[in-house]
Amino acid sequence: MAELTSAPQKVVVTGAAGNIAYSLLWRIAAGDVFGPEQPVDLTLLEIPDAVRAAEGTAMELADSALPLVSTMNVTDDAAAAFDGAQAAFLVGAKPRGKGESRADMLAANGKIFIGQGQAINAGAADDVRVLVVGNPANTNAYIANKAAPDVPADRFNALMRLDHNRALSMLAARLGVPSQRIERLVVWGNHADTQFPDITFATADGAPVEVDRAWYEDEYIPRVAKRGAEIIDVRGKSSAASAASAAVDHMRDWVRGTGERWTTAALPSRGEYGVDEGLVFGFPVHGDWEVVEGLSLSDDQRARIDANIEALRGEAAIADKLF
Ligand code: NAD
Ligand code: LMR
């Protein structure tokens, strides 16, 4: 077998004793994010009460004898965890229960991302990639970014790849084609019920996608947007393996680029498509993580995007008061 010669990448996973981390850590350790020849130094960050459970997760990781894991640390010290971090998955946060909205979680979770943003600001690598998963993900990424003024804003992303993957899968099922044949799909906006899974530009095998408008507006868009609540209802707890898989897809594509292929990522806006600068918004991205620009939008697309801008402005106003 070939020797692993690259220096290990320092990767932090918060909420390491939780459900998403229980899937995510194994995928990182298997090389699904940083590549099959890239060793990793894994840091598992938890709150003090859950450090022992995270140590149990670390014991199981050790028992998996995964060759890419160079070192593993479990800690409740955010400053130590993020010191020198090159990639961070900010998963640790309370999940919503039945009947709650993700925005309801802002009061419980928002402050977590102030402390972690400050720790990233103090010690992370200059080119750190931070992917916020904990809900409300877009606004928690906004908070972490605001708490880290010395780190470029584009180092903070929020996870909307799960919405993208859901949208892709449901469209593929409707068209009767494998999902990898569908291109140019995007989920605009917020990881919330207002999100806009947009198939206007989508193609299947290079040909424009055509579907029944009533199905698109009355079934598809709301079903994608409310899939998280549907999972909570059926499963009894929030999505975990699919969220971990989406986080792997997001970070892998961010590291490696996508070439011509579009995907969805929530990034701090630089004013694209009229989104207020700094709001963390789901955009179509491609290549080396650039927003696909210059798309012309119908009145209907514009209105759906504007509803997300409005919602995120409201969340940001609440978040600003946490500082
Ligand atoms: P979980 O309750 O199973 O685990 C969360 C873990 O986070 C717990 O072990 C808890 O102790 C830990 N934690 C809490 N505060 C922390 C802190 N300050 N530092 C480090 N760890 C901390 O929850 P889960 O199912 O793993 O979900 C985690 C979050 O991800 C939730 O907010 C959930 O809503 C969100 N989520 C987001 C998406 C998305 O697409 N963006 C998808 C699924 C879930
Ligand atoms: C999801 O979309 O599955 C997660 O954000 C969990 C939730 O609260 O819906």
From the options GLY257, GLY282, GLY271, residue that is within 16 Å of ligand 1 (Cβ to nearest atom) and open to solvent by less than 50 Å² (accessible area, probe 1.4 Å): GLY282
Total residues in region 223-249, condition polar (S, T, N, Q) and farther than 19 Å from PHE89 by Cβ: 0
Filter pass, LEU42 being away from ligand 1 (no atom under 11 Å from the Cβ), closer than 16 Å to ARG129 by Cα and of a type in the set (A, V, I, L, M): yes
Residue match in region 19-36 (condition: of a type in the set (Phe, Trp, Tyr), farther than 20 Å from VAL128 by Cβ and either within 11 Å of ligand 1 (Cβ to nearest atom) or out of contact with any Asp or Glu (no Cβ under 7 Å at 6 or more places or on another chain) (or both)): yes
Residue count for region 31-74, restricted to those that are open to solvent by 30 Å² or more (accessible area, probe 1.4 Å) and in a strand (DSSP E or B): 7
Residue list for region 113-167, filter: within 12 Å of ligand 2 (Cβ to nearest atom), assigned to a loop (DSSP other than H, G, I, E, B) and small (Gly, Ala, Ser): GLY134
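Results for (1) under 19 Å from the mean Cα position of the chain (by Cα); (2) among the charged types (D, E, K, R), shown as yes or no for each residue.
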| position | (1), (2) |
| --- | --- |
| LEU279 | yes, no |
| GLY282 | yes, no |
| ASP288 | yes, yes |
| SER296 | no, no |
| ARG304 | no, yes |
| LYS321 | no, yes |
Residues located in region 120-142, provided they are of a type in the set (Gly, Ala, Ser) and open to solvent by 10 Å² or more (accessible area, probe 1.4 Å): ALA122, GLY123, ALA124, ALA125
Residue identified as out of contact with any Leu (no Cβ under 8 Å at 6 or more places or on another chain), of a type in the set (A, V, I, L, M), outside any strand (DSSP E or B) and within 16 Å of ligand 2 (Cβ to nearest atom) among ALA192, ALA243, ALA265: ALA192
All positions within region 143-165 that are within 16 Å of ligand 1 (Cβ to nearest atom) and either under 13 Å from the mean Cα position of the chain (by Cα) or surrounded by fewer than 24 Cβ atoms within 10 Å (Cβ to Cβ) (or both): ALA147, PHE156, ASN157, ALA158, LEU159, MET160, ARG161, LEU162, ASP163, HIS164, ASN165
THR71 vs. criteria away from ligand 2 (no atom under 11 Å from the Cβ), within 24 Å of ALA7 (Cβ to Cβ) and hydroxyl-bearing (Ser, Thr, Tyr): yes
Members of region 211-230 that are within 15 Å of ligand 1 (Cβ to nearest atom), part of a helix (DSSP H, G or I) and surrounded by fewer than 18 Cβ atoms within 10 Å (Cβ to Cβ): ALA229, GLU230
Top-ranked residue in region 114-168 [being basic (Lys, Arg) and touching an Asp or Glu at 6+ places or on another chain (Cβ under 9 Å); ranked as farthest from GLN180 (Cα to Cα)]: LYS146
Test: residue in region 177-187 that is within 14 Å of PHE283 (Cα to Cα), open to solvent by 40 Å² or more (accessible area, probe 1.4 Å) and more than 10 Å from ligand 1 (Cβ to nearest atom): yes
Selection within region 92-112 - assigned to a loop (DSSP other than H, G, I, E, B), open to solvent by less than 20 Å² (accessible area, probe 1.4 Å) and either touching a Lys or Arg at 6+ places or on another chain (Cβ under 7 Å) or within 11 Å of ligand 2 (Cβ to nearest atom) (or both): ARG102
Single match in ASP104, ASP76 (criterion: free of Cβ contacts under 8 Å to residues at least 12 places away in the same chain, within 16 Å of ligand 1 (Cβ to nearest atom) and charged (D, E, K, R)): ASP104
Number of the condition not met by TYR22 [criteria: (1) away from ligand 2 (no atom under 16 Å from the Cβ); (2) within 21 Å of the chain's Cα centre (by Cα); (3) of a type in the set (Ser, Thr, Tyr)]: (1)
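The values are calculated or read from the model by the stated rules, or taken from the named source; none is laboratory data. On a predicted model such as this, the values are computed, not experimentally measured, just so you know. Glycine gets a Cβ as well: all are built from the backbone with ideal geometry, and neighbour counts include every protein chain shown. The protein model used for the area step is the full one, side chains on, heavy atoms only, and it has no ligands, DNA or RNA in it. Shrake-Rupley method; radii C 1.70, N 1.55, O 1.52, S 1.80 Å.
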